[in-house]
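The values are calculated or read from the model by the stated rules, or taken from the named source; none is laboratory data. These figures come from a predicted structure and were not determined experimentally. FYI the Cβ positions are ideal-geometry reconstructions off the backbone, even for glycines, and counts take in every protein chain you see.
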Protein chains: 2
Amino acid sequence: MRMAELSERSGIPVPTIKYYLREGVLPRGERTGRSQARYGVEHLRRLRLVRALTDVGGLSIAAVREILASVDSPEPTAHELLGRTLEDVTPLTRRFGDADESDAERAAELVGRRAWCVPNEQRALTDLAEVLSAFRRVGHPVDEAMLDGYAAAVERIARVDLDFVGGVTETDEILERAVVGTVLGDALLAVLRRLAQTGESARRSGASADGR
Amino acid sequence: MRMAELSERSGIPVPTIKYYLREGVLPRGERTGRSQARYGVEHLRRLRLVRALTDVGGLSIAAVREILASVDSPEPTAHELLGRTLEDVTPLTRRFGDADESDAERAAELVGRRAWCVPNEQRALTDLAEVLSAFRRVGHPVDEAMLDGYAAAVERIARVDLDFVGGVTETDEILERAVVGTVLGDALLAVLRRLAQTGESARRSGASADGR
């Protein structure tokens, strides 16, 4: 298809597509004339991934270029790719300052106890320690029961997440789903959590009113 | 205690405490002289709540004043208070544009199906519809299995959350814990989710490698 059709089918304006070509996040089409090129369905798919990374993931074009370089490099496994992409999307999380040594140990212990097979250098491990320290600093440390309750719940969530990515074989689409599922999924979980809290709070206040 | 001791015990500088007094988010102390006042343990507690709302919750002083006005008004139930406070903290969530009619219906259906007893006007209900529409707009609608999987997981999380708030009787401390648990809790859950995804992904890629 021509540039005009690529724009129409993707819903992305021509100037934006040209910008992506210049920035190297969209491969050039096949030259068919002095100022014309032909684009295929792989360009459409790549455009969707770029939009997911920038609009949903909030990443810069430079960060997108880096992710795509590893997508296009020979033979990364889907598992490696997923890991790298999610690490890049993670910085969206608010920072809460440095972690105490004891919380770093606690984070490592939890990951070991749940057999999550996380490499020591994975940033999420440091992030976990930092959030645990933030709770402690505001005077409300997270106890083991709370941590294990959350851990059991997120294991269930992770199974749903992997099913969301699982049925797909194209690398671009796996990554696109991973980004969408992670970023929009965080928002979805946060809002569902508020609603479930309302339900649980109503249930408990009803129960205590009955018990009078 | 004097202002100096209040500052020392709370870790909040005197000029900041004076600012809170002027803004009406901290009640005046008992006058003991021309330019002296005495503060009690209720001032310490209130200072902690103000810090939790501003630093952890990211709220403006005006928003804090409004929450505190409802805390101090006669006889709100703990359940009402919790609801109002969490509504105020919720705007931290990123906005994703308007919801489709069909997603508004789906949100209402889910809440009914899970018996979460959410009032129709609660903002989280609109938020849920908006996030569902955002998934749809990027081409990856959330199916019922995913939605119900998440819902079951957040119900477990909500029980942990209510336990976190539950053992406490002082209104200020209930609210403080609710804010900390909601905001830091969202961050904690997001990072645990990444770790659990790594675990689940490793498990599945190991399983498929064994199965060859």
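Overview of results
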item	result
Residue count, the range B:174-207 (criterion: surrounded by fewer than 18 Cβ atoms within 10 Å (Cβ to Cβ) and more than 8 Å from chain A (Cβ to nearest Cβ))	2
Contacts under 7 angstrom Cβ, first residue in the range A:103-127 being at positive phi, partner surrounded by fewer than 18 Cβ atoms within 10 Å (Cβ to Cβ), 6 or more apart	A:Cys117/B:Ala202
Search result, residues across the range A:98-144 that are touching a Leu at 6+ places or on another chain (Cβ under 7 Å) and of a type in the set (D, E, K, R)	A:Asp103, A:Arg106
Residue satisfying all of: in the range A:101-142; within 27 Å of B:Ala178 (Cα to Cα) and touching an Asp or Glu at 6+ places or on another chain (Cβ under 6 Å); surrounded by the most Cβ atoms within 10 Å (Cβ to Cβ) among these	A:Leu132
Residue tally, condition at pLDDT 85 or above and touching a Phe, Trp or Tyr at 6+ places or on another chain (Cβ under 6 Å), over the range A:132-145	2
Yes/no for B:Arg48 being part of a helix (DSSP H, G or I), modelled with pLDDT of 70 or more, more than 22 Å from B:Leu125 (Cβ to Cβ) and of a type outside the set (A, V, I, L, M, F, W, C)	yes
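For (1) within 29 Å of B:Val183 (Cβ to Cβ); (2) at pLDDT 90 or above; (3) touching a strand residue (DSSP E or B) at 6+ places or on another chain (Cβ under 6 Å); (4) surrounded by 13 or more Cβ atoms within 10 Å (Cβ to Cβ), each residue gets a yes or a no:
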site: A:Arg34; (1), (2), (3), (4): no, no, no, no
site: A:Asp55; (1), (2), (3), (4): yes, no, no, yes
site: A:Ala63; (1), (2), (3), (4): yes, no, no, yes
site: A:Ser70; (1), (2), (3), (4): no, no, no, yes
site: A:Leu86; (1), (2), (3), (4): yes, no, no, yes
site: A:Phe96; (1), (2), (3), (4): yes, no, no, yes
